[in-house]
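Enquirer: Handing you this structure, nothing more for now.
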Amino acid sequence: MSAPSIRYRKMNGLGNEILVVDLRAQSVSLTPALVREIAARPDTHFDQMMVLLRPRSHGTDAYVRIFNTDGSLSAACGNGTRCIAALAMEETGRSEATFETDAGLLPSWDAGDGLITVDMGAPKFGWSEIPLAREFADTRAIDLRVGPAEAPILSQPSVANMGNPHAIFWVDDVGAYDLARLGPQLETDPVFPERANISLAQVTAPDGITLRVWERGAGLTRACGSAACAAAVAAARLGLTGRSVTVTLPGGPLLIEWRERDDHVLMTGPWEFEHEGMLPAGSLETAA
Ligand SMILES: N[C@H](CCC[C@H](N)C(=O)O)C(=O)O
């Protein structure tokens, strides 16, 4: 049997590296090993791979599975959703697109000036919804720390689920920490049974947050949309900011609005097309 040929599109959302693979008309199974192999190649390297599958629900453009670099799955990726929304809008000629993931529906629309808004849904704050391994009554600050009890390096993060688990540590200077060293340790702390995305957040104004993220399954990235949403809602819950904030990541700013009406979080930002090509046939033979 000859290997299927599959096109990929390499994009990015604020430097968050996104590989889009459209399998709506093809049947190929992507194993974690194959995903890791694709991620290891310079041309197709990604932080997240957005795999478009045939829609499961009426009115949606695709059912989307999202893989991290390490082959694990995530039910949310804000930056990647802007990228696939841009492709879908170009394909349909419409100015909106809706995707389904395992975390629910993600409506998105053209916000003008080359920006796209994604409705990331309502955040969840219950300890079992994050999920955490044991009960915490107040997830605005949980008892977790790195370093000695009397002088912790980082402590008392807020936690939230934005379709995926996030912990946000509030700091005075996001640049003052070795996140590449602390991230892996916190990501896999036993309090997070499904691991977690780890953020350092610095509140710079009632409508401004600076953020650095160690992503579950992907490591340090230039931007993480769902982490920006999680930090924004966590800051608003603590009264550190209002419900509309600009979250500035290493890759640039995202506008986050936590809508009063239905608690949904709206994320607005750019997307960029880089190049396209075919996935290496050799690796796909393994999967066919
Ligand atoms: N970069 C993505 C999130 C990836 C999350 C993933 N690392 C996980 O939850 O496992 C974003 O823009 O929202």
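Enquirer: Could you tell me the relative contact order of the range 1-112? Use alpha-carbon pairs under 8 Å, at least six residues apart, and round to a whole percent.
Expert: It rounds to 22 percent for the range 1-112.
Enquirer: Given a Förster radius of 35 Å and the C-beta distance between GLN26 and SER128 as r, what FRET efficiency does 1/(1 + (r/R0)^6) yield to the nearest 0.05?
Expert: Efficiency for this residue pair is about 0.40.
Enquirer: Per DSSP helix of 4 or more residues, -39500 (n - 2.57); summed, then divided by the residues of the chain. What does that give at 222 nm, rounded to the nearest 500? Working shown, then result.
Expert: Numbers: 5 runs with 53 residues, N = 288.
The helix contribution divided over the chain gives -5500 deg cm²/dmol.
Enquirer: Test of understanding: what is the full-extension gain from ALA151 to ALA205, defined as 0.36 nm times their sequence separation minus their Cα-Cα distance?
Expert: Values: separation 54, 0.36 × 54 = 19.44 nm, distance 2.69 nm.
In short, 16.8 nm is gained.
Enquirer: What residues qualify as long-range amide H neighbours of ILE116, i.e. H under 5 Å apart, gap of 5 or more or another chain, H built at 1.01 Å from N?
Expert: Long-range HN contacts for ILE116: ALA111, GLY269.
Enquirer: Between SER72 and ASP102, what FRET efficiency follows from the Cβ-Cβ distance if R0 is 22 Å, with the result rounded to 0.05?
Expert: Between SER72 and ASP102 the formula returns 0.95.
Enquirer: Mind pulling the per residue volume of the convex hull built on the Cα atoms of the chain? Å³ is fine.
Expert: Spelled out: Cα convex hull of the chain, divided by residues, is 132 Å³.
Enquirer: Report the full-extension gain for the segment ASP138 to ASP178: residue separation times 0.36 nm, less the Cα-Cα distance, to one decimal in nm. Present the calculation step by step, with values, prior to reporting the outcome.
Expert: On the way: separation 40, 0.36 × 40 = 14.40 nm, distance 2.75 nm.
Extra length from ASP138 to ASP178 when fully extended: 11.6 nm.
Enquirer: For a Förster distance of 51 Å, can you work out the FRET efficiency between the beta-carbons of HIS58 and LEU220, rounded to the nearest 0.05?
Expert: With R0 = 51 Å, the Cβ-Cβ based efficiency is 0.85.
Enquirer: Project the alpha carbons of the range 83-136 onto their principal axes and report the range along each, largest first, in whole Å.
Expert: Largest to smallest, the principal-axis extents are 47, 21, 14 Å.
Enquirer: Here is a follow-up. How much length, in nm to one decimal, is gained on full extension between PHE273 and LEU115, taken as 0.36 nm per residue of separation minus their Cα-Cα distance?
Expert: Result for the pair: 55.6 nm of gain on full extension.
Enquirer: Near ALA88, within a Cβ-to-Cβ distance under 14 Å, what is the net charge of the other residues, with Lys and Arg +1 and Asp and Glu -1?
Expert: -2
Enquirer: Take the alpha-carbon centre of the range 26-58, take the same for the range 167-235, and report the distance between them in whole Å.
Expert: So the two Cα centres are separated by 25 Å.
Enquirer: Right, another one. Using the Karplus curve 6.51 cos²θ - 1.76 cosθ + 1.60 with θ = phi - 60°, work out ³J(HN,Hα) for each residue of the range 120-133 in order, rounded to whole Hz, and write x for Gly and Pro.
Expert: Computed from phi, the couplings for the range 120-133 are 7, x, 8, x, 10, 10, x, 4, 7, 8, 4, x, 10, 7 Hz.
No value in this document is a laboratory result; all are computed from the given coordinates. Since the structure is predicted, the reported quantities are computational estimates derived from the model, not experimental observations. Glycine also receives a Cβ, built like all others from the backbone with ideal geometry; neighbour counts cover every protein chain displayed.
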